[in-house]
Amino acid sequence: MRTTTFGSLGVTVPVIGQGTWRLDEDRRAGALEALRRGLDAGMTHVDTAEMYGEAEPLVAEAVAGRRDEVFLVSKVLPQNASKARTIAACERSLARLNTDRLDCYLLHWRGSTPLAETIDAFETLRADGKILSWGVSNFDVADLEEALAIAGEGRIACNQVLYHLEERAIDHAVIPWCEAHSVTVVAYSPFGSGDFPSSNGAGGQVLAEIAAEAGATPRQVALAALTRRPSVVAIPKASSTAHALDNAAAGDLRLTSAQFERIDAAFPVGPKPRHLPMI
């Protein structure tokens, strides 16, 4: 499994991690086994959130007895982003995850609470050892600039954003900004949230051709393409062991520059949108 440095922390994480959005809606036993087998395969970056229902207790069960192997991330909802409510939300997540600390804690998206207040809460949690770092999610460049002005360099560990081959808005400005400030980009829904390119389409055919050349699957090719830059990691969800192992194998897939060029031609970045896409 390829690895990269997470933000400016000096901590190494796998380029392919494990997302848990809607995981509690799948068969629990299968989802639990998928998480465990994903850990065995090197996908030790596990992302969850207070919004994800029963996902946090499921993650707690999956990482029981091996917490120190895991880079564990959760998120606070914007309606809980005041200082007092952020701290209380974090403590609830810690209890559900059966752990004494999070490796990173994120603001899920911006709401009405002043960003300075949320960052103050994050810094308090960090000083108390309840979180080791903090980051943001669904932040465009203007939001990132505001957070940077409040917190200073080296504090924002990551920005978790929508990124898949048919939605590459962050290639315009978000990724370059994050790279300039040592902020890791965490790609959520890297398969398009149930809308992966069909093999009947032109783009899907390119993925299938490259997969055949590389001895891989189209989804592995997609993950390899998204994580080609050291600044980007991906957190696909898997509700079955087979899917988890398929995702993990993408972390060892090496594609050529010519293959990346074919993927980029099939899935162009497109025009810069007025607003950062999110789901």
D (µm²/s, integer) via Stokes-Einstein for the stretch 1-68, Kirkwood Rh across alpha-carbon pairs, 20 °C, 1.002 mPa s: value 171 µm²/s
Determine the percent antiparallel among the DSSP beta bridges restricted to the chain, to the nearest 5. 15 percent
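Return one quarter of the surface area of the convex hull spanned by the alpha-carbon atoms of the stretch 173-232, equal to its mean projected area, in nm².
Convex hull of Cα atoms, orientation-averaged projection: 4.7 nm².
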Can you list residues whose amide H is under 5 Å from S137's amide H, if they're 5+ apart or on another chain and H is modeled 1.01 Å from N? L107, Q160
List every residue whose amide H lies under 5 Å from the amide H of E167, counting only residues 5 or more places away in sequence or on a different chain, with H placed 1.01 Å from N in the peptide plane. none
For helix 83-97, report the angle its Cα long axis makes with the longest principal axis of the Cα atoms of the chain; keep it between 0 and 90° and round to the nearest 10°. 60 degrees
Both in Å, the radius of gyration and Dmax of the C-alpha trace of the stretch 7-162 are 14.9, 45
CD proxy, 222 nm, the chain: helix-only mean residue ellipticity via -39,500 (n - 2.57) per DSSP H run with n ≥ 4, per residue, nearest 500, stands at -12000 deg cm²/dmol
For the stretch 8-23, in order, what is each residue's ³J(HN,Hα) by Karplus, 6.51 cos²θ - 1.76 cosθ + 1.60 with θ = phi - 60°, in whole Hz (x at glycine and Pro)? 9, 6, x, 9, 8, 10, x, 6, 10, x, 10, x, 9, 4, 6, 5
Nearest-5 percent of antiparallel DSSP beta bridges in the stretch 149-278? 10 percent
Restricting the stretch 45-105 to trypsin sites (Lys or Arg not before Pro) in coil, as DSSP defines it, with at most 12 other Cβ within 10 Å: R66
What's the Cα-based Rg to Rh of the chain, Rh via Kirkwood? 0.95
Rounded to a whole number, what is D in µm²/s for the stretch 87-139 from Stokes-Einstein with the Kirkwood radius over alpha-carbon pairs (20 °C, 1.002 mPa s)? 190 µm²/s
Can you list the HN-Hα couplings for the stretch 68-74, worked out from phi with the Karplus curve (6.51, -1.76, 1.60; θ = phi - 60°), rounded to whole Hz and with x for Gly and Pro? 5, 7, 9, 9, 9, 10, 9
Compute the long axis of helix 115-127 from its Cα atoms, compare it with the longest principal axis of the Cα atoms of the chain, and write down the angle in degrees, 0 to 90, nearest 10. 80 degrees
Size of the stretch 140-210 along its principal axes in angstrom, Cα-based, largest extent first? 48, 20, 17
For the chain: lysine pairs with Cα atoms under 22 Å, gap of 8 or more or different chains, count? 4
Taking only Cα atoms, what is the 0 to 90° angle, nearest 10, from helix 257-266's long axis to the longest principal axis of the chain? 80 degrees
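Stick to Cα atoms and the Kirkwood definition of Rh, then tell me Rg/Rh for the stretch 159-279.
Radius of gyration relative to Kirkwood radius: 0.94.
Values quoted throughout were computed directly from the atomic coordinates according to the rules given, and no laboratory measurement underlies them. Values in this document were obtained by computation on a predicted structure and should not be read as measured data. Positions of Cβ are backbone-derived with ideal geometry, glycine not excepted, and every protein chain shown enters the neighbour counts.
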